[in-house]
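Visitor: I'd like to ask you about the structure that follows.
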Amino acid sequence: MKKIAVYGKGGIGKSTTVSNMSVALSSMGYKVMQIGCDPKADSTRNLTGGRPIPTVLSVLREKPNADLSELVHEGCNGIHCVETGGPTPGLGCAGRGIITAFEKLEESNAFDILKPDVVFYDVLGDVVCGGFAMPIRNGYAQDVYVVTSGEAMSLFAARNIFSAVEQFKSRGYATFSGLILNARGLEDEGELVQAAASELATTVVGKIPRHSVIHESEKIGKTVVESFPQHAMTAHYTRLAEAIVRKKNNEIRL
């Protein structure tokens with residue numbers, strides 16, 4: 001089982017990227033599970049036709065002894081979809097909510113029962129503390145990737161996430177495995193991201209160009225890979241998914 005955590009600052013496009021990779025891999029025959037680790041609970045929206053699914057925390061508030069079928073929902077191509085959710089707005093800690101959700105999935109033997117080949121943790125990277133650091137720790141994820149653009153705040157978040165992974169390096173936890181460029185069309189964007197990768201002694205494992213087809217797909221609650229399988233953007237997501245699942249960390253040309 002390959003467990004991969006994908007981080008990035010809010011709004012950078014990591015959920016879009018992860019969802020498209022999930023569909024690409026499921027189309028290749030992999031059994032995929034996607035776990036959204038954000039209180040907004042919108043990671044899997046494009047895998048379910050735009051339909052929000054009940055979050056683990058919302059289910060547990062109503063039914064503390066909920067079984068696995070109430071926590072995991074089927075999406076496109078049979079992808080197992082989970083949203084950890086968060087506390088009632090204004091009450092509690094979002095990070096603690098993620099911890100509670102992870103503990104419940106573990107207690108329910110989710111991975112042993114569902115037996116996914118690939119697990120994606122889609123994690124908000126603005127704050128890398130408490131529950132948001134869970135995929136890095138305790139053996140949850142093996143590899144950590146960061147979705148970034150060439151924007152300063154996006155690269156700042158990437159450096160913070162790298163530092164968090166380095167903190168746990170001696171304990172044998174997850175490995176920082178590269179950056180994913182989700183292009184915004186900035187001048188010299190490739191060079192900026194490449195420079196950041198060099199600074200962190202890592203690689204840029206993939207580049208997703210900016211294209212209107214992403215928004216066209218999301219308007220109908222789907223991924224590009226599902227909606228436009230022959231489109232050039234689908235090829236970009238597919239190559240990225242293959243590189244990550246097979247961990248081909250070869251430098252790409254930006």
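The values are calculated or read from the model by the stated rules, or taken from the named source; none is laboratory data. Just so we're clear, the structure is a prediction, and the values are computed from it rather than from any experiment. Here Cβ is always computed from backbone atoms with ideal geometry, including for glycine, and neighbour counts include all displayed protein chains. Areas reflect the complete protein model, heavy atoms only, side chains present, ligands, DNA and RNA absent. Shrake-Rupley method; radii C 1.70, N 1.55, O 1.52, S 1.80 Å.
Visitor: Within the range 2-21, restricting attention to residues that are at positive phi and touching a residue at least 24 places away in the same chain (Cβ under 8 Å), which residue is least open to solvent (accessible area, probe 1.4 Å)?
Guide: Let us first name the residues in the range 2-21 that are at positive phi, namely 8, 11, 13.
So of that shortlist, the ones also touching a residue at least 24 places away in the same chain (Cβ under 8 Å) come out as 8, 13.
Working: 8: 0, 13: 20 Å².
Filtering the range 2-21 for residues that are at positive phi and touching a residue at least 24 places away in the same chain (Cβ under 8 Å), the one least open to solvent (accessible area, probe 1.4 Å) comes out as 8.
Visitor: Identify all residues within the range 1-11 that are modelled with pLDDT of 95 or more and either assigned to a loop (DSSP other than H, G, I, E, B) or hydrophobic (A, V, I, L, M, F, W, C) (or both); write none if there are none.
Guide: If the condition is that a residue be modelled with pLDDT of 95 or more and either assigned to a loop (DSSP other than H, G, I, E, B) or hydrophobic (A, V, I, L, M, F, W, C) (or both), then 4, 5, 6 are the ones that fit.
Visitor: Same structure, new question: Taking the range 219-230 only, how many residues are open to solvent by less than 40 Å² (accessible area, probe 1.4 Å) and within 19 Å of the chain's Cα centre (by Cα)?
Guide: So in the range 219-230, the residues open to solvent by less than 40 Å² (accessible area, probe 1.4 Å) come out as 221, 223-225, 227.
Retained after the next criterion (residues that are within 19 Å of the chain's Cα centre (by Cα)): 221, 223-225.
The total comes to 4.
Visitor: To continue, here is another question. Using the structure shown, decide if residue 251 is at pLDDT 95 or above and either touching a helix residue (DSSP H, G or I) at 6+ places or on another chain (Cβ under 9 Å) or in a loop (DSSP other than H, G, I, E, B) (or both). Explain how you work it out, then say what you get.
Guide: Values: at pLDDT 95 or above: no; either touching a helix residue (DSSP H, G or I) at 6+ places or on another chain (Cβ under 9 Å) or in a loop (DSSP other than H, G, I, E, B) (or both): yes.
No.
Visitor: Can you work out which of the residues in the range 169-181 that are open to solvent by 20 Å² or more (accessible area, probe 1.4 Å) and of a type in the set (S, T, N, Q) is farthest from residue 207 (Cα to Cα)?
Guide: Kept after step one, since they are open to solvent by 20 Å² or more (accessible area, probe 1.4 Å), are these residues of the range 169-181: 169-173, 175-176.
When the remaining residues are screened for being of a type in the set (S, T, N, Q), the result is 170, 175.
Details: 170: 30, 175: 20 Å.
Filtering the range 169-181 for residues that are open to solvent by 20 Å² or more (accessible area, probe 1.4 Å) and of a type in the set (S, T, N, Q), the one farthest from residue 207 (Cα to Cα) comes out as 170.
Visitor: Within the range 24-38, work out how many residues are touching a strand residue (DSSP E or B) at 6+ places or on another chain (Cβ under 8 Å) and either over 18 Å from residue 102 (Cβ atoms) or assigned to a strand (DSSP E or B) (or both). Before you say what the answer is, go through the steps one by one.
Guide: From the range 24-38, those touching a strand residue (DSSP E or B) at 6+ places or on another chain (Cβ under 8 Å) are 25-26, 30-38; that's our starting set.
The next check asks that each one be either over 18 Å from residue 102 (Cβ atoms) or assigned to a strand (DSSP E or B) (or both); those that pass are 25-26, 30-37.
Qualifying residue count for the region: 10.
Okay, residues lined up against (1) assigned to a helix (DSSP H, G or I); (2) touching an Asp or Glu at 6+ places or on another chain (Cβ under 7 Å); (3) over 22 Å from residue 135 (Cα atoms):
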{"site": "165", "(1), (2), (3)": "yes, no, no"}
{"site": "184", "(1), (2), (3)": "no, yes, yes"}
{"site": "193", "(1), (2), (3)": "yes, no, yes"}
{"site": "196", "(1), (2), (3)": "yes, no, yes"}
{"site": "202", "(1), (2), (3)": "no, no, no"}
{"site": "205", "(1), (2), (3)": "no, no, no"}
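Visitor: Where residues in the range 118-133 are without any contact (Cβ under 8 Å) to a residue 60 or more places away in the chain, open to solvent by 10 Å² or more (accessible area, probe 1.4 Å) and in contact with a helix residue (DSSP H, G or I) (Cβ under 7 Å, 6 or more places away or on another chain), which of them is farthest from residue 154 (Cα to Cα)? Steps first, answer last, please.
Guide: Residues of the range 118-133 without any contact (Cβ under 8 Å) to a residue 60 or more places away in the chain: 127, 129-130, 133.
With open to solvent by 10 Å² or more (accessible area, probe 1.4 Å) added as a condition, the list becomes 127, 129-130.
Now narrow it down to the ones that are in contact with a helix residue (DSSP H, G or I) (Cβ under 7 Å, 6 or more places away or on another chain): 129-130.
Details: 129: 17, 130: 21 Å.
The selected residue is 130.
Visitor: Right, something else. Can you work out which of the residues in the range 31-52 that are in contact with a Ser or Thr (Cβ under 6 Å, 6 or more places away or on another chain) and open to solvent by 10 Å² or more (accessible area, probe 1.4 Å) is modelled with the highest pLDDT? I'd like the intermediate steps shown before the answer.
Guide: Residues of the range 31-52 in contact with a Ser or Thr (Cβ under 6 Å, 6 or more places away or on another chain): 32, 34, 36-37, 41, 43, 46-47.
Add one more test, that the residue is open to solvent by 10 Å² or more (accessible area, probe 1.4 Å), and what stays is 41, 46.
Details: 41: 93, 46: 98.
By that ranking, first place goes to 46.
Visitor: Which one of 22, 27 is within 17 Å of the chain's Cα centre (by Cα) and hydroxyl-bearing (Ser, Thr, Tyr)? Working first, answer last.
Guide: Values: 27 fails: within 17 Å of the chain's Cα centre (by Cα).
22 is the lone residue from the list that is within 17 Å of the chain's Cα centre (by Cα) and hydroxyl-bearing (Ser, Thr, Tyr).
Visitor: Moving on to the next point. Say whether the condition of being charged (D, E, K, R) and open to solvent by 40 Å² or more (accessible area, probe 1.4 Å) is met by at least one residue in the range 80-87. Full working, then the answer.
Guide: Start the filter on the range 80-87 by keeping residues that are charged (D, E, K, R), which leaves 83.
Filter again for open to solvent by 40 Å² or more (accessible area, probe 1.4 Å), leaving none.
No.
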